[in-house]
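**Student:** After the structure tokens below, expect a handful of questions from me.
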Amino acid sequence: MGALSSLTEGGSSTGIVLEPGRKDIRETTIEQGTRILSEGMGEKYPNLVRQAESQNPHEQFMATLTAVMCERTERQIENARNEYGESTVTAGLGQLNRRLMDVVRIFYPNQVAALITDIQPIDRQNGEIFVIQPKFTDTAAGVTAGQEVFRNVTDGTYSSEQLTASVGTGNGTTTTFNATLTTPVRTGDVTVLVAGSQVATDDGNGNITGVGVTGSINYSTGALQVVFGTAPVNTAAITSVYLYDSESAPSNIRELEFGLNLIPVAAKQHPLKVKWSVTAQLASAAHLNIDVPDVLSNLAAQFIRTERDTSIINAINSQAPDHSNGTIGGDTTMLFNASTSGLTYNKTQFYGEIELKLNHAESIINNTMGRGGVSWILCGYNASELFKNSPSFQAIPNPAPIGPIKIGTLRDGTIDVIRVPAMNTNTYIVGYKGYMPGDSATILADWVPIYFTPVFQAPELIAARGVMSLYDLFINQANYFVKGAVSNFGA
């Protein structure tokens, strides 16, 4: 496990540098998972090790995250031993006790949640997740202090020495104007503009010269005087664009505030109880060699996985801006009319044109947020049938599809297509996962992925086992979602 050891020794896998003393949660998870795999779990799950050594950051993160959750589940078993006693746990969990890690290993990476959310594990029920909102500290270059980086666009000079100062406003009479520039001023880099048009520059020796314009600039004090032969017209804005010397005045360098915010979360209980007849259990074991508690526990785990995915998708669906029904400024551009009336070419080719809507969704996201693209699509049944006809669609095998499930990819595997049975059959949602951890559209705060109690057998010969998942969900950037719809679809 050479690559694993190199991961443990240091280096961010995400390329994100946080404030000193605080590691990226994904980086911390990778380090923890790598340690767990190196300390013995890797011998049991060699495929998990290979996935952790992948060059794909998502594969690497999911493998190590799964290892962290396996260890957490193992601790829950140990706590159950301390609470109920070794004999009770051994007898109650039975075969499942030996396979519980496998259940988590299979259950965890296969969640749709892993594709559409940023999973941030928490180590207790009341924990914290982090979100990143970088902001401008200075009002300059076309932006205002406190505005969000990327969402608000500069004029391209924020990270430069260029400054703009108001020199005055023309009134048709005044010919001499004075201003004080930020010092020290770099020589040969001062210009004077009237109504946005350059009329004069400095000559590097403190003189302002231009056609019908004279004046002076003191590079040390910043004192600027501009004298016009003909007074600027009424309301004409007179400005100076210049460079200050950042090496001599580093305190004037503009800043970005990192904006790392910790959000308190509380992992909510998602409990379930599984019941079965002891008689059926004995008969199944005797005639079919089936361990009923184990089979039903796997069923419960699968149910919790699909319900967790469904609850996340429902939250996204409720907050996704709808650009198909005119509720946002009359916008219906994300509505795809699948009517084939009067169609003069192949129906499946026509249906594939829905992929053009991805381009528009990307434009909406990028225009709204100043960043972002398309990471995934959630589809109802009709919408999924259309996307399956897209030119770049690549199907993946699903031997036993249950609940929300990835059915394929678009555009060389960069966009996951997920079919959602519980979604309106004509609805689809295009989403961007986020450009770095903490900026994600949706954050899943996971404490315990799945927990089983020992089996309880009542005198009435009915057996029962409890199963529970504990997590919280946080919608961070709803504008990373774009909702669309299809109409008049006929297979």
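The values are calculated or read from the model by the stated rules, or taken from the named source; none is laboratory data. From a predicted model like this one, the values you see are computed outputs, not experimental measurements. Methodologically, a virtual Cβ is constructed for each residue, glycine included, from the backbone with ideal geometry; neighbour enumeration extends over all protein chains shown.
**Student:** Looking at E362 and the list (1) in a helix (DSSP H, G or I); (2) of a type outside the set (K, R); (3) farther than 26 Å from V420 by Cβ; (4) under 34 Å from the mean Cα position of the chain (by Cα), which single condition is not satisfied?
**Tutor:** The number of the failed condition is (3).
**Student:** If you take the residues of segment 139-159 that are in contact (Cβ under 8 Å) with a residue 40 or more places away in the chain and not in a strand (DSSP E or B), which of them is surrounded by the fewest Cβ atoms within 10 Å (Cβ to Cβ)?
**Tutor:** Residue satisfying both the conditions and the ranking: S159.
**Student:** Could you please let me know if M468 is in contact with a Pro (Cβ under 6 Å, 6 or more places away or on another chain) and surrounded by fewer than 20 Cβ atoms within 10 Å (Cβ to Cβ)?
**Tutor:** For M468, the condition - in contact with a Pro (Cβ under 6 Å, 6 or more places away or on another chain) and surrounded by fewer than 20 Cβ atoms within 10 Å (Cβ to Cβ) - is met.
**Student:** A follow-up question, please. Could you please find all residues in segment 160-171 being assigned to a loop (DSSP other than H, G, I, E, B) and over 16 Å from N252 (Cα atoms)?
**Tutor:** Within segment 160-171, G170, N171 meet the criteria.
**Student:** I'd like to know if segment 339-359 contains one or more residues that are of a type in the set (K, R), at pLDDT 85 or above, within 20 Å of I415 (Cα to Cα) and within 30 Å of the chain's Cα centre (by Cα).
**Tutor:** Yes, some residue in segment 339-359 is of a type in the set (K, R), at pLDDT 85 or above, within 20 Å of I415 (Cα to Cα) and within 30 Å of the chain's Cα centre (by Cα).
**Student:** Can you work out which of the residues in segment 365-408 that are in a loop (DSSP other than H, G, I, E, B) and among the polar types (S, T, N, Q) is surrounded by the most Cβ atoms within 10 Å (Cβ to Cβ)?
**Tutor:** Filtering first and then ranking leaves S390.
**Student:** Within segment 23-46, is there a residue that is modelled with pLDDT under 85, within 24 Å of the chain's Cα centre (by Cα) and small (G, A, S)?
**Tutor:** Looking through segment 23-46, none of the residues is modelled with pLDDT under 85, within 24 Å of the chain's Cα centre (by Cα) and small (G, A, S).
Here's the yes/no breakdown for (1) of a type in the set (G, A, S); (2) in contact with a Phe, Trp or Tyr (Cβ under 6 Å, 6 or more places away or on another chain); (3) not in a helix (DSSP H, G or I):
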| position | (1), (2), (3) |
| --- | --- |
| A300 | yes, no, no |
| I304 | no, no, no |
| I313 | no, no, no |
| D331 | no, no, yes |
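**Student:** Tell me which strands (runs of 3 or more DSSP E) are completely within segment 412-491 and hold 1 or more residues being under 24 Å from F303 (Cβ atoms), or say none if there are none.
**Tutor:** 415-419, 427-431, 442-452, 462-475
**Student:** What single numbered condition from (1) hydroxyl-bearing (S, T, Y); (2) buried (at least 20 other Cβ atoms within 10 Å of the Cβ); (3) without any contact (Cβ under 8 Å) to a residue 12 or more places away in the chain fails to hold for T327?
**Tutor:** (2)
**Student:** Just name the residue that is farthest from the chain's Cα centre (by Cα) out of those in segment 172-209 that are aliphatic (A, V, I, L, M) and under 25 Å from I253 (Cα atoms).
**Tutor:** A179
**Student:** Counting only residues that are modelled with pLDDT of 95 or more and either more than 17 Å from G215 (Cα to Cα) or surrounded by fewer than 16 Cβ atoms within 10 Å (Cβ to Cβ) (or both), how many does segment 174-183 have?
**Tutor:** The qualifying residues number 5.
**Student:** Also, I was wondering about something else. Name the single residue that is surrounded by the fewest Cβ atoms within 10 Å (Cβ to Cβ) among those in segment 242-256 being assigned to a strand (DSSP E or B) and of a type in the set (S, T, Y).
**Tutor:** Once the filter is applied, the top-ranked residue is Y244.
**Student:** I've got another one for you. Only residues that are touching a residue at least 12 places away in the same chain (Cβ under 8 Å) and farther than 20 Å from F456 by Cβ: list them for segment 271-307, please.
**Tutor:** Across segment 271-307, the qualifying residues are Q302, R305, T306, E307.
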